[in-house]
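Visitor: Below: one structure in structure tokens.
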Amino acid sequence: MIEVKNITKTYNTGGEPFEAVKGVSFSVADGEFIAIMGPSGSGKSTLMHILGALDSPTSGSYFLDNKDVSTLSDDQLADIRRDKIGFVFQSFNLLPRTTVIRNVSLPLVYDGVPDKERIIRAEEALFASGLDRIYFSHLSNQLSGGQIQRVAIARALVNNPSLILADEPTGNLDSKTGEIVLNTFQKLNKELGRTIILITHEQEIAEHADRIITIRDGVITSDSKSHKKR
């Protein structure tokens, strides 16, 4: 599903080039659940932006579903983000005074999906994320942190993406709630076959994935199976 070949990313800061990612290569199979782990400044956020089609590499290639994303224009990258990738962020990014069902169905509005179909697909995504129906009509600012993150997961699922990219998704949650959210990702991977890439700086969080890629100073230092938490 994903093939990253010798990716580099160089920034010019104050006239001095800084290489944030240095010749990274790896692959991700369809239906795999991996974690990319590293400390602040390791290059994992830069790599996440490339995998999410939010940025392009300086050199190297990135194939997603057999398409070379690294060669695409800004408009084409926007299409990839809309059609292929579901994002779950640490900060949730929901509309606070808008109902849960409206928050989840909003991406479908931009795609011109009819009202009735939008509701059906949003409800299916919410059920898949593990949120109870009684919360569907709540405003997002009436929910707990864990419930809000499940809504964010549902929003990521609603366009049926081939890849879910979760960037520090438990960063604003307490440990118990974070565990519930991580178990939701495991369920989505195991029962629905979703491909998931989890970005984190914590070993304990990364252990929920099947495989952990560790990055430091812009290079991969290890790539191995995790001691998966169940």
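Where a number appears in this text, it was derived from the coordinates with a stated rule and is not lab data. Bear in mind the structure is a predicted one, so any value in this text is a computation, not a measurement. Cβ: placed from backbone, ideal geometry, glycine included. Neighbour counts: every protein chain shown.
Visitor: In percent, how large is the relative contact order of the range 32-145, given Cα pairs closer than 8 Å and 6 or more residues apart?
Guide: Here the relative contact order equals 20 percent.
Visitor: Can you give the Rg and Dmax of the range 132-221 based on its C-alpha atoms, in angstrom?
Guide: 14.1, 46
Visitor: Compute a Gaussian network model of the chain, connecting alpha carbons closer than 10 Å, and tell me which residue from 184, 200, 98 fluctuates the most.
Guide: It is 98.
Visitor: Note down the relative contact order for the chain as a percent, whole number, built from C-alpha pairs under 8 angstrom at least six residues apart.
Guide: Relative contact order of the chain: 28 percent.
Visitor: Using the structure shown, list the pairs from 22/67; 67/116; 9/190; 44/67 with a Cα-Cα distance above 28 Å, or answer none.
Guide: From the list (22/67; 67/116; 9/190; 44/67), the Cα-Cα distance tops 28 Å for 67/116; 9/190.
Visitor: Quick one: pull the percentage of alpha-carbon pairs in the chain with a separation above 27 Å.
Guide: It works out to 33 percent of all Cα pairs.
Visitor: Provide the per-residue ³J(HN,Hα) series for the range 74-79, in order, calculated from phi with Karplus coefficients 6.51, -1.76, 1.60 and θ = phi - 60°, each as a whole number of Hz, with x at glycine and proline positions.
Guide: Using θ = phi - 60°, the values come out as 4, 5, 5, 5, 4, 5 Hz.
Visitor: Still on this structure, please answer the following. Size of the dipole of the range 2-225 about the Cα centre, Lys and Arg at +1 and Asp and Glu at -1 on the beta carbon, nothing else charged, in debye to 20?
Guide: 420
Visitor: Here's another thing I want to ask about it. State the extension gain, in nm to one decimal, for the chain segment bounded by residue 98 and residue 19, taking 0.36 nm per residue of separation less the distance between their alpha-carbons.
Guide: Extending this stretch completely gives an extra 24.3 nm.
Visitor: Would you be so kind as to identify which of 63, 203, 146 lies farthest towards the positive end of the dipole of the range 2-225, taking Lys and Arg as +1 and Asp and Glu as -1 on Cβ and the Cα centre as origin?
Guide: So the residue furthest toward the plus end is 146.
Visitor: Another question, if that's okay. As I understand it, the dipole of the range 2-225 uses +1 on the Cβ of Lys and Arg and -1 on the Cβ of Asp and Glu, about the Cα centre. Which of 100, 49, 178 lies farthest toward its positive end?
Guide: Going by the charge dipole, the pick is 100.
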